[in-house]
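To keep things clear, I will list the structure first and then write my remarks on it.
Just so you know, all these numbers are worked out from the coordinates, no wet-lab data involved. Everything quoted here is computed from the prediction, not taken from an experiment. Backbone-built Cβ (ideal geometry, glycine too); neighbour counts: all protein chains shown.
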Amino acid sequence: MRTTLDIPKELIDEAMKATGATTKSQLIKDALMAETDRSRRKRLITKKGTVDLNIDLDSLRDRSR
């Protein structure tokens, strides 16, 4: 998908040096993936301690001991 963005050249150059990206497209894709991953991790961290993982697989599978 083509999109026109107005991003300062200095910021693009600095980001490409810092990340090692060889193209602007790669830089933007990597940045979007990193931000998406960060947001997902943040949401998972807020769930910490709220999920009960005390599961007895034998009883779930109806196995006798």
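Given N residues in the chain, what is Rg(Cα) / (2.2 N^0.38 Å)?
Computed over Cα atoms of the chain, the ratio equals 2.03.
Hey, what angle do you get for helix 9-19 against the long axis of the chain, alpha-carbon based, 0 to 90 degrees rounded to 10?
Tilt of helix 9-19: around 50 degrees.
Dipole size in debye (nearest 20) for the chain around its Cα centre, Lys and Arg Cβ +1, Asp and Glu Cβ -1?
Dipole size: approximately 180 debye.
Give the residue from 23, 51, 12 lying farthest towards the positive end of the charge dipole for the chain; charges sit on Cβ (+1 for Lys and Arg, -1 for Asp and Glu) and the dipole is referred to the Cα centre.
So the residue furthest toward the plus end is 51.
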